[in-house]
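The structure under discussion appears below in the form of structure tokens.
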Amino acid sequence: EGIVVIDEQGKIESVNPWARRLFQRTSADLIGRPVKAVIAEQAHAEFVQYLDDRMRGKKSKGPGLLETLGRRRDRSSFPMEFIATDMALGGQRKFIGTLRDISERKAHTDALEHMALHDPLTGLPNRVLFGDRVDNAIRASARTKEPLALLVMDLDGFKLVNDSLGPHLGDELPKLVADRLVLCLRQADTVARLGGDEFG
């Protein structure tokens, strides 16, 4: 885990080798700089609020862990967990920031979420995600009084293609249909594979 020691002004006083490796920086690059310098800009506001709350002793529910975005020397960002705990060192109040790169875990979680909500063959949203988007569209339509169109279709003769050409070539047909449906609609529209030969 990376360790960063922060003073009451939010400036870095020391870092361990793992933190230097995570941020791809030297101690000289980091010491004396505001700790938000190692946080991606889009995550600054949330991080500053979190750190301010911790410094004022405001306890959060749970372990006080913040999931945020770290920033490397080359300005690329990575997902990380950050937890600040306060302690007295040499009669002064310091904050120990413990951080961990969670890129692999996030990638794994995102992949699982994608698998749960998308058709594995075509990559289109599946029945579950389609149902959610239809619900949202109905609510938006009721609110804005704009009309809503919903089309559900299936492919005639799909079983015949599978039986005569085999499942390998039979799998190509839904992919081709998916590609053509996507090209026919606007980017804001949803095309989903609801199962077998059925699309929405």
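The values are calculated or read from the model by the stated rules, or taken from the named source; none is laboratory data. If you're wondering where the values come from, they're calculated on a predicted model, not measured in any experiment. Glycine gets a Cβ as well: all are built from the backbone with ideal geometry, and neighbour counts include every protein chain shown. The area values use the complete protein model at the heavy-atom level, side chains included, leaving out ligands, DNA and RNA. Shrake-Rupley method; radii C 1.70, N 1.55, O 1.52, S 1.80 Å.
Of the residues that sit in the range 130-154 and are among the polar types (S, T, N, Q) and surrounded by fewer than 12 Cβ atoms within 10 Å (Cβ to Cβ), which one is nearest to D119 (Cα to Cα)? Of everything passing the filter in the range 130-154, N136 is nearest to D119 (Cα to Cα). Taking L129, is it assigned to a helix (DSSP H, G or I) and in contact with a strand residue (DSSP E or B) (Cβ under 9 Å, 6 or more places away or on another chain)? Judged against the criteria, L129 is a match.
Output the number of residues of the range 2-33 satisfying the condition of being of a type in the set (S, T, Y) and either at positive phi or over 29 Å from the mean Cα position of the chain (by Cα) (or both). Talk me through it step by step, then tell me what you get.
Step one: of the range 2-33, the residues of a type in the set (S, T, Y) are 14, 26-27.
Those left that are additionally either at positive phi or over 29 Å from the mean Cα position of the chain (by Cα) (or both): 14, 27.
Counting residues in the range 2-33 that are of a type in the set (S, T, Y) and either at positive phi or over 29 Å from the mean Cα position of the chain (by Cα) (or both) gives 2.
When you look at T144, is it polar (S, T, N, Q) and more than 14 Å from V191 (Cβ to Cβ), yes or no? Break it down into steps so the answer makes sense when it comes.
Working: polar (S, T, N, Q): yes; more than 14 Å from V191 (Cβ to Cβ): yes.
Taking the combined requirement at face value, the residue satisfies it.
Taking the range 160-191, which residues are of a type in the set (D, E) and open to solvent by less than 60 Å² (accessible area, probe 1.4 Å)?
The initial filter retains those residues of the range 160-191 that are of a type in the set (D, E), namely 163, 171-172, 179, 189.
Hit for the range 160-191 is D189, nothing else.
Within the range 8-23, being touching a residue at least 60 places away in the same chain (Cβ under 8 Å), crowded, with 16+ Cβ neighbours inside 10 Å and not in a strand (DSSP E or B) holds for A19, L22. Looking at A107, A84, just one residue is farther than 21 Å from L30 by Cβ and either in contact with a strand residue (DSSP E or B) (Cβ under 6 Å, 6 or more places away or on another chain) or loosely packed, with under 15 Cβ neighbours inside 10 Å (or both), and that residue is A107. Between a first residue in the range 24-42 that is in contact (Cβ under 8 Å) with a residue 12 or more places away in the chain and part of a strand (DSSP E or B) and a second residue that is hydrophobic (A, V, I, L, M, F, W, C) and open to solvent by less than 40 Å² (accessible area, probe 1.4 Å), which pairs have beta carbons less than 8 Å apart while being 6 or more apart in sequence or on different chains? That search, which allows pairs on different chains as well, returns P34/I12; I39/F47.
Would you say R73 is surrounded by fewer than 16 Cβ atoms within 10 Å (Cβ to Cβ) and either within 20 Å of R20 (Cβ to Cβ) or without any contact (Cβ under 8 Å) to a residue 40 or more places away in the chain (or both)?
Values: surrounded by fewer than 16 Cβ atoms within 10 Å (Cβ to Cβ): yes; either within 20 Å of R20 (Cβ to Cβ) or without any contact (Cβ under 8 Å) to a residue 40 or more places away in the chain (or both): yes.
Yes.
Taking the range 55-64 only, how many residues are surrounded by 14 or more Cβ atoms within 10 Å (Cβ to Cβ) and either within 18 Å of Q42 (Cα to Cα) or modelled with pLDDT under 80 (or both)? The total comes to 1. The single residue among G157, G196 that is free of Cβ contacts under 8 Å to residues at least 12 places away in the same chain, open to solvent by less than 70 Å² (accessible area, probe 1.4 Å) and at positive phi turns out to be G157. Test A88 against the criterion of being without any contact (Cβ under 8 Å) to a residue 60 or more places away in the chain and either small (G, A, S) or in a helix (DSSP H, G or I) (or both), and give yes or no. Considered against the rule, which asks whether it is without any contact (Cβ under 8 Å) to a residue 60 or more places away in the chain and either small (G, A, S) or in a helix (DSSP H, G or I) (or both), A88 comes out as yes.
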